[in-house]
Amino acid sequence: MGLPDSSGGFLSELDVDAFRRLFPLQFYESHLVKSKRPDGRSLAKARETSSALGAVASADGSALVKIGSTTMLAAIKMEVMTPSKESPDEGCIAIEFYMPPICSPIVRPGRPADTAPVVSKQLSDTILSSGMINLKELSLISGKAAWMAYLDIYCLDADGALFDAALLSAVAAFSHLQIPVVSMNDEGKVVVVSEENEGGKEPVNKEKRKLTLCSIPFSLTCILYKNYILADPTAEEESIMETLVTVVLDSSGQLVSLYKPGGPVLAYTSAIQDCVALTRQRVRELQTILDEATAGMEVD
Amino acid sequence: MAGQAGGTPSTYSPSPTTRKTKSLILRNDDVDWVRTDGREFHQCRPAFFKTGAVNAAAGSAYAEFGNTKVIVSVFGPRESKKAMMYSDIGRLNCNVSYTTFATSVRGQGSDHKEFSSMLHKALEGAIILESFPKTTVDVFALVLESGGSDLPVVISCASLALADAGIMMYDLVASVSVSCLGKNLVIDPVLEEESYQDGSLMLTCMPSRYEVTQLTITGEWSTPKINEGMQICLDACAKLATIMRECLKGPDSALEE
């Protein structure tokens, strides 16, 4: 294993694994000059991505998404609320992102990860501002009852690009969402119409079982390090090279949001433009993955 | 009830809270009723195990028994918390949590606070704590979906995750529970059966050594019923351990998804 900086006997005697742990930056640089990453990817390539819908039977909509090893489980539970006076015919969406202790060695019970609330906030900002969901579709009876969609996303395995995976799982869960048929009972409560008590009250939402998703947001996180741009970083890459840029574009290619939460590298406009270009490619990939997942559901 | 802008409005689940299905399970002395999933009284749900579910962990396992789905990750042996006293032997730290969507009504999973310590007690007798002095092994479980017999599934899955992490144990730990419903004993009960049970018995054992690490009995039991229940559990644990062992040996244990 010839190291590029064979600056003496000490380094050349180290085996690759030890070198990787002791000098992570040098290890990465030796790969980056060859435009390769330690896992064999080129710099602009995202990891293999998959999505499976309907992973949780107890939820109204759910999806399991994997980007490389990063695994997200998203599920939506529909509950009923009284809409606010300002918007009597709009429902609501509550989004929460969790990093349970199983997902990473850095999270322990009682000591939650710092990133979880950050991702949580980014997710709700992105989903609510993208206009993907028309909140009016969540209305049941104007001024009286509307849906509250609780979207909970659990990170099962954290290996970088958490926001990208979480957003994809959220979108996939919404595309799988099947709204239960409900009716209003005598006490003014909304209840599920079950097969057993058919012929009771008239259902209030027979036609509105699915939400129409327009301009779906997709994202790509990139690392900026010197002049290199690394798409879809692993947890190891994120810990070594700390400057991240996350670009969110919708399915028509419009910019939804852009995050560059600090970091030692200051980005030039050109670097940001490169990130946007990479995201544009990635959106097409993700759109296909999502379409395939939904098509697979319809066949069943 | 009024939803306030900004705050979280109070919500309720539209699913009926008083289940009408109670009539489906006949609690009286009727011996001939059929379980909701069509199983025999002494038949367990098909068990599925997979190791290596979480790459970030030292060892992990996923278990699926019908609708009960759990993931267990094992971290360590690693440095104990700073505040811990010096210890010649290793420490075991367990935590069980539920996802908010695990139960039919959102966020009810937090009722099971005792599961963490029960998991700890079920496992500690099986682990060779002397093999990692001064350090801690963390066993974290997440119930993705609760479908009944959650704790036994968590315990069996945890012992598989420990084996996957290479933690030394005297034997795999398998756990099975039975519910007493009227005159019948039903093994590996689903949620519905658990909610109408007169009593429950959970047995955790190391099958190849024929040693019990934990036995929990709650509710109404007669002595012959307890003997019968224990024997059923021991037999089922032995079968379960073979499935778990197959999973550890199997060629697919290293595969993704």
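The values are calculated or read from the model by the stated rules, or taken from the named source; none is laboratory data. Computed from a predicted structure; not experimentally measured. Because the Cβ atoms are built from the backbone with ideal geometry, glycine has one as well, and the counts that use them run over all protein chains shown. Remember, those area values only see protein heavy atoms, side chains included, never the ligands or the DNA or RNA. Shrake-Rupley method; radii C 1.70, N 1.55, O 1.52, S 1.80 Å.
Which residues make up the longest stretch of chain B that has no trypsin sites (Lys or Arg not before Pro) in a DSSP loop with at most 15 other Cβ atoms within 10 Å?
On the way: sites that count: B:Arg19, B:Arg27, B:Lys81, B:Lys82, B:Lys113, B:Lys134, B:Lys183, B:Arg209.
Counting at most 15 other Cβ atoms within 10 Å as exposed, the longest clean stretch of chain B is B:28-80.
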Radius, Kirkwood style, for the protein assembly as shown when every pair of distinct Cα atoms is counted (Å): 25.8
Solvent exposure, largest accessible area first (probe 1.4 Å, DNA, RNA and ligands not counted), of A:Tyr154, B:Tyr196: B:Tyr196, A:Tyr154
Estimated inter-spin distance, A:Glu96 and A:Lys36, nm [label 7 Å along Cα→Cβ]: 4.6
Estimated inter-spin distance, A:Arg209 and A:Gln273, nm [label 7 Å along Cα→Cβ]: 4.9
Residues of type lysines that A:Lys260 reaches as a straight line, Cα spacing below 25 Å, ignoring anything fewer than 8 places off in the same chain: A:Lys36, A:Lys45, A:Lys66, A:Lys121, A:Lys226
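In Å², rounded to the nearest 100, what is the total accessible surface buried by chains B and A against each other with a 1.4 Å probe?
Numbers: alone 13670 and 15610 Å², together 25740 Å².
Buried: approximately 3500 Å² between A and B.
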Chain B: DSSP helices with Cα axial extent of at least 30 Å and average Kyte-Doolittle hydropathy no lower than -0.5: B:223-249
Cα-based helix-to-principal-axis angle, A:115-130 vs chain A, degrees rounded to 10: 60
Cα-based helix-to-principal-axis angle, A:269-299 vs chain A, degrees rounded to 10: 50
Share of Cα-Cα pairs in segment B:24-247 lying beyond 28 Å, as whole percent: 28
For A:Lys226, net neighbour charge (Lys/Arg +1, Asp/Glu -1) across residues whose Cβ lies under 15 Å away: -2
C-alpha long axis of helix A:162-176 to longest principal axis of chain A, angle in °: 30
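Per residue of chain B, what 222 nm ellipticity follows from adding -39500 (n - 2.57) for every DSSP H run with n ≥ 4, rounded to the nearest 500? Don't jump to the answer; show the numbers that get you there.
Details: 4 runs with 57 residues, N = 257.
Calculated mean residue ellipticity at 222 nm is -7000 deg cm²/dmol.
Given a 1.4 angstrom probe, what's the average accessible area per residue across the protein assembly as shown, in square angstrom? Could the numbers behind the result be given before it?
Numbers: 25740 Å² over 557 residues.
Spelled out: the 1.4 Å probe surface of the protein assembly as shown, per residue, equals 46 Å².
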Accessible surface of A:Ser51 - all protein chains present, 1.4 Å probe, nearest 10 Å²: 30
Among beta bridges that DSSP assigns inside segment B:24-247, antiparallel share in %, nearest 5: 85
Neighbourhood net charge (12 Å Cβ-Cβ; Lys/Arg +1, Asp/Glu -1) for B:Ser175: -1
